[in-house]
1. Please check: in the Gaussian network model of the chain (C-alpha springs, under 10 Å), which one of Thr94, Thr45, Thr199 has the largest mean-square fluctuation.
2. Lys265: which aspartates and glutamates have alpha carbons under 19 Å from its alpha carbon, excluding same-chain residues fewer than 8 sequence positions away?
3. Would you look at the GNM of the chain, springs on alpha carbons closer than 10 Å, and say which of Ala22, Ala186, Ala132 moves the most?
4. Ignoring everything except DSSP H segments at least 4 long, calculate the 222 nm mean residue ellipticity for the chain; use -39,500 (n - 2.57) per segment, divide by total residues, nearest 500.
5. Using the Cβ atoms and a cut-off under 15 Å, what net charge is assigned to the surroundings of Pro168, where Lys and Arg are +1 and Asp and Glu are -1?
6. In which sequence would Ile29, Ile145 go, from the one with the fewest C-beta neighbours within 10 Å to the one with the most?
7. Lysines near Lys12 by alpha-carbon distance under 19 Å, same-chain residues fewer than 8 away left out - which ones?
8. What are the ³J(HN,Hα) values, in whole Hz, obtained from phi via the Karplus relation 6.51 cos²θ - 1.76 cosθ + 1.60 with θ = phi - 60°, for each residue of segment 76-82 in sequence order, with x given for Gly and Pro?
Amino acid sequence: MQFAGVISAPGKKSLSPVFQQAAFDHLDIAVEYQHWPTSAEGLGTRVAGLRGPAVLGANVTIPHKEACLPLVDDVDPLARRVGALNTVLNDGSTLRGYNTDVEGFLRALQEASFEPRGCAAVVAGAGGAARAVVVALAEAGAARIAVVNRTLERAEQLVSDLGAAVKPAQLAAASDTRESWERAAAEASILVNCTSLGTAGTPEEDRSPMPSDLIRSQALVYDLVYQPAETRLIRDARQAGARTIGGLPMLIYQGAASFKLWTGKDAPVDIMFQAAEAALAAEDA
C-alpha cells in the first residue's frame, strides 16, 4: 500500500480525500489518500515525512503553499514563477514541487468558454491561490490585473514579486475599499475571489469580497470557494445577471493534474466530480 495526502491547516476540512480516493479506487491503484492537518511549526517535519518510500506525494493547501517552497528539493519553473506550490511529488530520491492551481483555474475558464486574452481582471486576495490566478491570467493573455486585498501591503508584495513574471500584463495593487473596487471593477470582464470570504461554517460565510452593486452583468464572476456551491458572491453575481463559476471545477481540475503527476495516468475526472458532489450534498442534507 502506498500513501498520498493533503497538507492543510489544523481544523480545516478538505474535500480532496473524497475525490482523490475515488480516483485511485476507480483505476484500481493501491493508494490510500489521507488528510494531514499540519501547523506552521510542524510543516518541516510533515514535508520531510513525504520522503518515505511508500509516499507518492501530497497536495498542499492554504496556508502552506508559499511556505513549502524552500522545503522541497526541486521546484518546477511554473511554481517558481507563482511563488507557491500545491503539489509535491516524491520521485524516490527527490521531492519536487509543482503548481497545478494554474492549470486547474484555466481549465475551468475554458469549460466556461471564457477567453482571457486582452481582458481586464480583478483578483481579490493576495495569498498562494491569488498568486496562481494572477500568473494564470497573465499567461492566458490578460492585459490588466488589479489585486485587491484587505492588507494593502500584501497586495503590493504580490505585485512586486510577480511583476517580472507576468509581463506584458499590467499588474496593480489596491486596498479593499469601495473606491478601489469602483475603479477596478468598472471595466473588468472577470472578477476572481481568492479569499476565504463566503466559506461555509465560518464567521464570514455570509460575506462577499466586493460590493454587490458594483458587479457588472457583462462580467464573469469566479469564486474559488467551493462550499457552499452558491456563496454570497455567486448569489450577488447571479442577481446582477453575470455569469458565474464556483470553486469546485478548479479544485477537481488541479487535483486531476496532481493525480497525473503522481501516477502518470489521466485522472477519471467524471468520477472525481461525482464523489465530490455526493459528499457536498450529504453535508448539506
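1. Thr45
2. Partners within reach: Asp25, Asp28, Glu32, Asp91, Asp101, Glu103.
3. Ala186
4. Values: 10 runs with 106 residues, N = 285.
Using -39500 (n - 2.57) per qualifying helix, the result is -11000 deg cm²/dmol.
5. On the way: positive: Arg81, Arg117, Arg144, Lys167; negative: Glu139.
Within the 15 Å Cβ shell, the charges total +3.
6. Working: Ile29 14, Ile145 27.
Least crowded to most crowded, the residues run Ile29, Ile145.
7. By straight Cα distance, Lys12 reaches Lys65.
8. 4, x, 5, 4, 5, 5, 5
Bear in mind that the values in this text are calculations on the coordinates, not laboratory data. Since the model is a prediction, treat every value here as computed from it, not as a measurement. All Cβ positions, glycine included, derive from the backbone under ideal geometry; neighbour counts span all protein chains shown.
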